[in-house]
1. Just to confirm, what accessible area per residue do you get for the protein assembly as shown at 1.4 Å probe, in whole Å²?
2. Once the Cα atoms of helix B:369-393 and of chain B are each reduced to a long axis, what angle between those two axes, in degrees from 0 to 90 to the nearest 10, is obtained?
3. Just order B:7-13, B:415-421, B:105-111 by mean Cβ neighbour count inside 10 Å, highest at the front, would you?
4. What whole-number volume per residue, in cubic angstrom, does the convex hull of the C-alpha atoms of segment B:139-218 give?
5. Using mean Cβ contacts within 10 Å as the protection proxy, how do B:235-246, B:449-460 order, highest first?
6. When we measure straight from the Cα of A:K115, which aspartates and glutamates land under 13 angstrom away, once same-chain ones fewer than 8 places off are left out?
7. What is the ratio of the Cα radius of gyration of segment A:190-267 to 2.2 N^0.38 Å, with N the residue count, to two decimals?
8. Per-residue ellipticity at 222 nm for the protein assembly as shown, helices alone: DSSP H runs ≥ 4 residues times -39500 (n - 2.57), over residue total, nearest 500 deg cm²/dmol?
Amino acid sequence: MVNERITDSTTKNATNDNEVISIQNFNFFYGPTQALFNIDLSVNQHTVMALIGPSGCGKSTLLRSINRMNDLIDGAYVQGKVMVNGIDIYDKSCDVIELRRNIGMVFQKSNPFPKSIFENVCYGLRIAGITDKEFIEQSVEQSLRDAGLWDEVKDRLRENAMGLSGGQQQRLCIARALCVKPQILLMDEPCSALDPIATTKIEELIFNLKKSYTIIIVTHNMQQAARVSDFTSFFWLGKLIEVGKTEKIFTNPSIKITEDYISGRFG
Amino acid sequence: MIQNLKSYLRYGSPFIWLSGAFLSIALMMIAGLILFISKEGLRAFWPSPIAQVELNDGSKVLGILTDYESATANDTAKYQFRVGNRDLNGLDFRWIEATSIKSILYPKDIVLVEREEYGYLIGRFESLVTRDLQEPIVNNRIPHSVISKTEQLRSQINEIRKTKIGKINQKVEANRLTLKSKIDETTRRHITEENLLLESEYRVLSTQLDQLETSANQASVQVRIDDGRAMDLKIRYIVRYFEPNNLNLWGKSLIFFSRINEFLSSQPRESNTEGGVFPAIFGTVLMVLIMSILVVPLGVIAAIYLKEYARNNLLTRSIRIAVNNLAGVPSIVFGVFGLGFFVYGIGGSIDQLFYSNALPAPTFGTGGILWASLTLALLTIPVVIVATEESIAAIPRSQREASLALGSTKWQTITHIVLPGSAPGILTGFILAMARGAGEVAPLMITGVVKLAPSLPIDSTWPFFHLDRKFMHLGFHIFDVGFQSPNSEAAKPMVFMTALLLVLIVISLNLAALILRKRARKNLGGSTF
């Protein structure tokens with residue numbers, strides 16, 4: 001199956017200049033179980049890459065490998081390389097804290113801290129040791145504006161974030177991730193728990209954020225992948241089956257199994 | 001019919017009723033206990049009328065009716081009276097057979113005197129004797145001028161005895177210790193001279209004291225008691241006197257609150273059976289506070305390591321089991337450990353190192369409030385560790401991940417997310433620890449609690465906190481007054497009141513912690529606890 005993989009020529013050409021993430025021959029193991037097999041994938045600056053595939057195909061695992069969130073799992077280990085800005089993040093010299101600061105993450109289920117809205121957004125800055133009050137306030141406002149939440153919460157920044165609606169909480173989590181000014185944003189099914197209206201808002205947000213961030217999004221929603229992403233990669237049983245421009249994958253996939261999945265014949 | 005019964009059982013109605021019944025039984029037991037203790041305790045503070053019992057042989061007995069035993073097969077009905085006058089009768093109580101009673105009257109002119117020594121005096125005031133005059137007393141009322149003058153003398157005596165002579169004693173003791181250590185000849189001579197000076201100062205004070213004592217002893221009241229004898233009551237020993245049969249509701253209430261005030265705020269007297277329990281309240285609260293200050297940080301830090309950093313292997317699991325089992329070890333065992341380890345071990349070493357001049361008299365090498373608090377902290381630490389571990393485990397994984405994904409270290413995640421989130425759980429552990437600690441007596445008895453402590457662990461002399469001092473405790477006070485006192489019958493109300501007070505203190509400490517926990521929960525918003 002791996003041998004059959006076809007990489008879109010446009011992606012390949014772009015790797016030279018503005019490639020941000022380059023995953024090379026990457027294998028991931030949960031103890032004795034191998035979850036990812038020989039993944040090769042690259043993501044360009046200021047583009048949106050969608051990872052699709054049936055449940056358990058390893059797309060979340062790959063996403064969480066990019067900011068080393070899988071370090072928390074006992075017995076997990078990797079082979080191969082994940083290069084971010086040309087640095088191998090699994091090298092011993094890599095500073096995980098610095099890496100995670102540079103790569104924001106939005107989770108499947110919104111997970112605001114039980115603190116005030118303001119404290120949620122500025123958490124990353126406080127953790128980084130920034131104490132300049134004015135800077136923090138400006139950053140919080142900017143992040144909330146970028147996340148499209150400012151107008152809804154500007155009068156109640158000191159209230160507990162747990163009081164927000166589900167969609168607002170998810171946008172708050174995005175604002176929280178944006179506040180530390182990362183270069184890359186990882187989104188793990190950010191809309192799966194939201195209603196259509198909130199989903200639309202988040203999708204618009206992704207579209208706007210693309211101008212200044214590189215985004216990788218895991219989604220189960222085919223339409224969403226088609227709407228928001230520039231590139232799409234299809235995973236199946238821990239293998240990267242096909243990657244290419246989104247239009248191409250959705251209109252004219254090279255591999256039968258991709259077509260079957262996209263057209264809803266399995267998965 | 002069967003169908004009905006089946007659906008009845010399916011909805012569980014009988015079990016809902018049963019659980020409700022068990023809950024109400026538990027509540028009733030608690031309420032009943034508190035009501036019983038309060039009734040028995042508070043009743044003694046309410047002034048009861050004094051009966052004048054005329055017996056068939058013509059003699060009269062004055063006393064407060066306290067008990068009645070109805071007739072049995074081989075015994076007639078009997079009344080128990082508290083007759084007081086222990087210095088004359090030898091006993092506080094007297095049983096009188098119902099058949100030998102001719103009449104019971106409640107004359108208004110009988111006085112009840114609460115004295116600093118020998119308990120109640122019941123009788124009638126006859127005359128006032130001072131240095132200059134002897135005059136009859138009308139309406140059982142001692143002139144205010146006499147009382148205030150005695151009061152003045154009394155405070156002067158206290159001032160000299162406790163403050164001035166105390167200071168001299170302190171200096172003499174300090175000098176004695178300095179003389180024992182290696183010092184040069186000039187200093188030695190200097191100190192010896194100072195000692196002579198102190199001695200003469202002491203002699204002056206002691207003469208002064210003698211004079212004051214004599215004049216204070218001069219004012220007295222002649223009292224006629226029930227059997228016709230007259231006795232001399234020194235005014236300086238009067239705590240409170242009133243005519244119980246001549247009081248209206250307002251007057252009785254005044255006496256009631258004055259007695260409660262005395263109970264809460266003054267020193268015990270008459271080997272703890274009378275007076276107040278203030279030192280015991282102070283000791284109990286202080287000990288619980290010191291224990292909390294020690295146990296909470298210790299327990300929380302241990303739990304953090306156990307849950308967050310220690311690997312989940314056999315060793316960690318055994319430690320966890322050991323900690324849980326520690327909670328089941330009898331408290332007296334902790335007491336013995338505290339005595340051996342803290343008092344003799346650490347305390348002994350401290351004495352060797354820092355207080356070697358004072359040896360063989362121990363400073364820290366004997367029971368004290370610090371060692372008692374440490375022993376209790378050890379006793380309650382499992383509760384805090386278990387509660388903290390559980391509340392740390394209840395922090396959602398998603399929140400830790402969110403924190404880590406924002407570039408925080410594990411330690412920052414613990415301090416910013418995990419600990420604030422588990423604060424309510426930690427406070428629950430704290431409440432349980434406090435409740436257990438405040439109620440313990442056995443380990444305290446051998447690590448620092450005494451029947452009567454001469455001074456409080458906090459006072460105005462440097463260094464203000466005297467954590468080496470022995471202290472009094474309400475729990476031990478109950479045991480001592482109720483079961484170790486020569487006059488336990490008269491001290492029964494004292495036992496109940498002390499018990500009530502202990503319960504109230506535990507409740508109010510818990511309430512304070514509950515309010516803290518509620519606030520912590522509010523800060524967490526709609527969180528999971």
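The values are calculated or read from the model by the stated rules, or taken from the named source; none is laboratory data. Treat the numbers as computed from the prediction; the structure is a model and nothing was measured. Please note: Cβ atoms are built from the backbone with ideal geometry, for glycine as well, and neighbour counts cover all protein chains shown. Please note that ligands, DNA and RNA were not included when accessible areas were found on the heavy atoms of the full protein model with its side chains. Shrake-Rupley method; radii C 1.70, N 1.55, O 1.52, S 1.80 Å.
1. 50 Å²
2. Taking the Cα atoms of chain B, the angle to B:369-393 is about 30 degrees.
3. Listed from highest to lowest mean packing, they are B:415-421, B:105-111, B:7-13.
4. Measuring per residue, one finds 76 Å³ for the Cα hull of segment B:139-218.
5. Averaged packing, sorted descending, gives the order B:235-246, B:449-460.
6. A:E159
7. Taking N as the residue count of segment A:190-267, the ratio is 1.13.
8. -15500 deg cm²/dmol
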